[in-house]
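The values are calculated or read from the model by the stated rules, or taken from the named source; none is laboratory data. Fair warning: this is a prediction, and the values are worked out from it, not measured in the lab. Methodologically, a virtual Cβ is constructed for each residue, glycine included, from the backbone with ideal geometry; neighbour enumeration extends over all protein chains shown. These accessible areas exclude ligands, DNA and RNA; they are computed on the full protein's heavy atoms, side chains included. Shrake-Rupley method; radii C 1.70, N 1.55, O 1.52, S 1.80 Å.
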Amino acid sequence: VQGRSVPMAACAAASLLHSSTRSLVGAARTTAAVGRVQRRGAADNAPTRQGKQHNEVVSSELKEGAVEKPKLFGGFCVPVNIAFPNKKGVPGWEDREHDVKEVMKEGPAMLKKEFEKLGRELSSMDGSVEKTDILETLGGLKDDEARAEFRFHTPEDLSLWHTGCDSDWKEGFSSARFEPTDRGTAVFSGTLSSAIMKDGRVERAGWASIKLEDKAAFNRRKYLSQWNNYSHLMIKCRGDGRSYKVMLHSPLALDMTWGDSYSFPLHTHGGPYWQYERIPFSKFFHTVSGRIQDRQQSVSLTDVSSVSIVLMDRLDGPFALELDWIGVVHDRSHIEETAYETYTLPLWNTHGI
């Protein structure tokens with residue numbers, strides 16, 4: 001009997017361990033399911049990429065007893081897709097599940113379009129190197145040498161710029177448009193409204209913007225690295241006397257950098273005369289999702305991939321800003337790296353250097 005008690009005790013322990021493991025696994029699965037439902041519930045009121053254009057709201061509630069369809073991407077509480085960042089910064093935006101059938105149906109057409117775009121990129125690379133490009137890369141620029149990077153002469157030029165305002169996200173009543181003129185320029189105009197929607201969710205409203213969305217094939221970013229040896233951003237414009245904000249966006253691969261940008265105000269004079277605004281890159285201050293940071297740093301022009309102009313001066317009414325071109329200029333007398341205080345912290349500090 002004593003000899004048999006050891007195997008019996010071992011069997012009882014194994015049975016207890018097996019039941020405990022099954023309980024833990026079941027609890028983990030329940031917690032994961034609750035987390036998925038909570039994440040879906042938080043994303044119910046978040047607009048998707050299609051919602052920005054058609055004001056659609058995608059609801060992904062999992063009904064009781066329903067069977068989930070196979071998905072191409074799993075739902076995670078942290079972003080793992082570094083190729084398609086969340087540009088809006090709202091939980092659930094562009095984070096909807098992709099159905100396998102939908103991907104298989106639309107995938108071939110998307111791949112064909114991207115390969116055609118890649119072919120055009122490769123055909124434009126003739127292999128020749130111009131002397132001006134070498135001098136520009138090495139920093140051999142003349143004093144007051146300018147480069148007009150973005151013009152608005154053709155519909156292709158305007159297609160690179162997208163408009164946005166609070167009403168696109170059902171967060172306000174402002175409107176914005178970006179239209180060409182018969183003078184080869186473009187006008188950013190609309191109506192700004194600071195009225196708040198009575199939905200209990202929005203606390204502030206009243207903004208409109210245009211933003212450069214120039215992407216290479218397969219959604220690769222185009223960096224404005226050729227600006228690295230220039231000292232000033234230059235904009236030829238004429239406005240309505242209102243103060244706009246110019247932003248240089250520099251999101252990188254990690255999600256903690258998706259909101260990185262550098263900002264500086266653009267004060268327009270008003271009236272019929274053109275103004276040439278030269279803004280030193282050293283004057284741009286570091287912002288994250290529009291919020292000014294206590295710890296400032298100089299602009300890294302090799303990481304800048306987009307430019308935007310934003311109006312949010314809290315003055316209700318119509319606005320208009322006409323743009324002729326946006327570019328850069330080199331001033332040899334400007335040697336300032338950053339106009340704001342920077343701090344060198346010790347290595348053992350939690351913020352590092």
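Specify the residue that is surrounded by the most Cβ atoms within 10 Å (Cβ to Cβ); the eligible residues are those in the stretch 171-195 that are in a loop (DSSP other than H, G, I, E, B), out of contact with any helix residue (DSSP H, G or I) (no Cβ under 7 Å at 6 or more places or on another chain) and of a type outside the set (Ser, Thr, Tyr).
GLU171
Report, by residue number, each residue of the stretch 139-170 that is of a type outside the set (A, V, I, L, M), open to solvent by less than 20 Å² (accessible area, probe 1.4 Å) and assigned to a loop (DSSP other than H, G, I, E, B).
Residue satisfying the conditions is PHE152 alone.
Tell me, which residue of the stretch 285-340 that is in contact (Cβ under 8 Å) with a residue 60 or more places away in the chain and among the aromatic types (Phe, Trp, Tyr) is surrounded by the fewest Cβ atoms within 10 Å (Cβ to Cβ)?
If we take residues in the stretch 285-340 being in contact (Cβ under 8 Å) with a residue 60 or more places away in the chain and among the aromatic types (Phe, Trp, Tyr), then TRP325 is surrounded by the fewest Cβ atoms within 10 Å (Cβ to Cβ).
Keeping to the stretch 230-268, report how many residues are in a loop (DSSP other than H, G, I, E, B), over 13 Å from GLY290 (Cβ atoms) and either touching a Pro at 6+ places or on another chain (Cβ under 7 Å) or among the aliphatic types (A, V, I, L, M) (or both).
5
Do we have GLY259 as on the phi > 0 side of the Ramachandran plot and either at pLDDT below 90 or surrounded by fewer than 11 Cβ atoms within 10 Å (Cβ to Cβ) (or both) here?
Here the answer is no, as GLY259 does not meet what is asked.
Report yes if some residue within the stretch 269-276 is part of a strand (DSSP E or B), open to solvent by less than 40 Å² (accessible area, probe 1.4 Å) and either at pLDDT 90 or above or aliphatic (A, V, I, L, M) (or both); otherwise report no.
yes
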